[in-house]
Amino acid sequence: MLGLVGLGLAGCGTRARSQPMTEPARPPGDGLADLARAHGISFGTAVQGELLAQDQVYAAAVAAEAQLLVPEWEAKWEALQPREGEFDFGPLGVVAGFAQAQRKQLRGHALVWHNAMPDWLAPALAEGPARARAVLAAHIEGVLGATQPLIRDWDVVNEVLANPPGSRFTDQTPARGIFRDTPWLRALGPDYIELALRLARERDRTLRLTINDYGLEGDTPWAEQKRQNMLALVRALLAARCPLDAVGLQAHLQVDEPFRPEPLAGFIQTLHGMGLAVLITELDCREGANLPPGQEARDGIVAAYVQQVVGTALAAGCRTVLTWGLSDRDSWLNRDPDVARRDGQQHRGHPLDAEFRRKAMWQALARSFASA
Ligand code: XIL
């Protein structure tokens, strides 16, 4: 199979349409990634390949602010294996080409997830455990074979834990014990998690293997329950000598969720004590139902909340922070009907506003890095 290294170079630059810059070119070295790096922290963002290729303002912002890129869609199952046995590395290649040209690092997201599954996948898993194992092995083999050596860190499994009762997330997929009830769980039981991690390690001995999930940051009973469930899962995996290197905290934050540093810090330190790294993988921040008057007040609340959470994670030893997009303009928060506001307002949960101007959340991240 042709590796991504070869495929990647085709996408970017050549297809870029010329668009006026809305902001003057920045002097090199004052982006969030530079500020973070000075304190030993790696900062990055989720990116969309189409925008990297077609929108110079977007591409320039990514180049200026981020050192680590994660494809928002292009490395999901649906993108990589839309039909069984037919891998398509084209969209991911666009992101990889940009990363290579700009000397950015890439992380992979996600090998196993209950969303962004192509139509053929759930019926195939339903055919039984042997078939499910074969499908998983073939995907991991095909994907890691092509993405090595460019991607050295993968979210191997994403969102495998159920939301404990009482959680406010709209996604209330039923639970089976601590696990989310998904086609993978139905086919293989919780063992699919261990199997995916083992297959990934077998295919690539030095790849960083990450378990990624959300709802782990707040000071609520259900967030605490989910943290305990994550610790139970990690303990069980390690006890079974299953390879695992890191836990990703998605950190899709909501300002009206109670937060205290101690529970999050304690959780991160416990994971560190088990030998795992902890990353913030998908940071963004939603506002409450009642918005204060004026944009400045709104942005100030988001910034203060983000600084508390990120500051806590960094103080506890987290060394990698990625936002789920840089600007409000391109955010899933404003695109996805499940998370978009219903009052006609746009979310302002990213470091850059819809015109790519740095806003209070940008400053909050900069301050968090500076005091790490
Ligand atoms: C989201 C993308 O941003 C959206 O564009 C897409 O419609 C759905 O997926 N947790 C994850 C990400 O792990 O993959 C999700 O990304 C956001 C929540």
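Each reported figure results from applying straightforward, stated rules to the coordinates on display, with no laboratory input. These numbers were taken from a predicted model, which means no experiment stands behind them. Cβ: placed from backbone, ideal geometry, glycine included. Neighbour counts: every protein chain shown.
Looking across region 349-372, the residues that are more than 20 Å from residue 59 (Cα to Cα) and in a loop (DSSP other than H, G, I, E, B) come down to 371, 372. Checked against (1) crowded, with 21+ Cβ neighbours inside 10 Å; (2) more than 16 Å from the ligand (Cβ to nearest atom); (3) more than 28 Å from residue 309 (Cβ to Cβ), residue 197 meets all criteria but (3).
Which one is nearest to the ligand (Cβ to nearest atom) among residues in region 259-304 that are within 20 Å of residue 321 (Cβ to Cβ), part of a helix (DSSP H, G or I) and of a type in the set (Gly, Ala, Ser)? Once the filter is applied, the top-ranked residue is 303. Which residue is nearest to the ligand (Cβ to nearest atom), if the candidates are limited to region 163-194 and must be touching a Gly at 6+ places or on another chain (Cβ under 8 Å) and not in a helix (DSSP H, G or I)? By that ranking, first place goes to 169.
Results for (1) acidic (Asp, Glu); (2) at positive phi; (3) touching a strand residue (DSSP E or B) at 6+ places or on another chain (Cβ under 9 Å), shown as yes or no for each residue.
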position: 138; (1), (2), (3): no, no, no
position: 179; (1), (2), (3): no, no, yes
position: 185; (1), (2), (3): no, no, yes
position: 196; (1), (2), (3): no, no, yes
position: 215; (1), (2), (3): no, yes, yes
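How many residues does region 226-244 contain that are more than 30 Å from residue 334 (Cβ to Cβ) and either in contact with a His (Cβ under 9 Å, 6 or more places away or on another chain) or touching a residue at least 40 places away in the same chain (Cβ under 8 Å) (or both)? Here the count works out to 10. Residues in region 130-162 that are within 13 Å of the ligand (Cβ to nearest atom) and either in contact with a helix residue (DSSP H, G or I) (Cβ under 9 Å, 6 or more places away or on another chain) or among the small types (Gly, Ala, Ser) (or both): 154, 156, 157, 160, 161.
For the residues 324, 362, the requirement of being within 16 Å of the ligand (Cβ to nearest atom) and of a type outside the set (S, T, N, Q) singles out 324.
Of the conditions (1) farther than 25 Å from residue 35 by Cα; (2) of a type outside the set (S, T, N, Q); (3) outside any strand (DSSP E or B), residue 111 fails just one. Which one is it? Going through (1) farther than 25 Å from residue 35 by Cα; (2) of a type outside the set (S, T, N, Q); (3) outside any strand (DSSP E or B) one by one, residue 111 breaks only (3). Screening residue 344 against (1) assigned to a loop (DSSP other than H, G, I, E, B); (2) on the phi < 0 side of the Ramachandran plot leaves a single unmet condition, (2). Taking (1) closer than 13 Å to residue 254 by Cα; (2) within 16 Å of the ligand (Cβ to nearest atom); (3) polar (S, T, N, Q) in turn, residue 308 satisfies each apart from (2). Taking region 117-136 as the region of interest, how many residues are small (Gly, Ala, Ser) and surrounded by 16 or more Cβ atoms within 10 Å (Cβ to Cβ)? The qualifying residues number 2. Counting residues in region 288-297 that are of a type in the set (S, T, N, Q) and without any contact (Cβ under 8 Å) to a residue 40 or more places away in the chain gives one or more.
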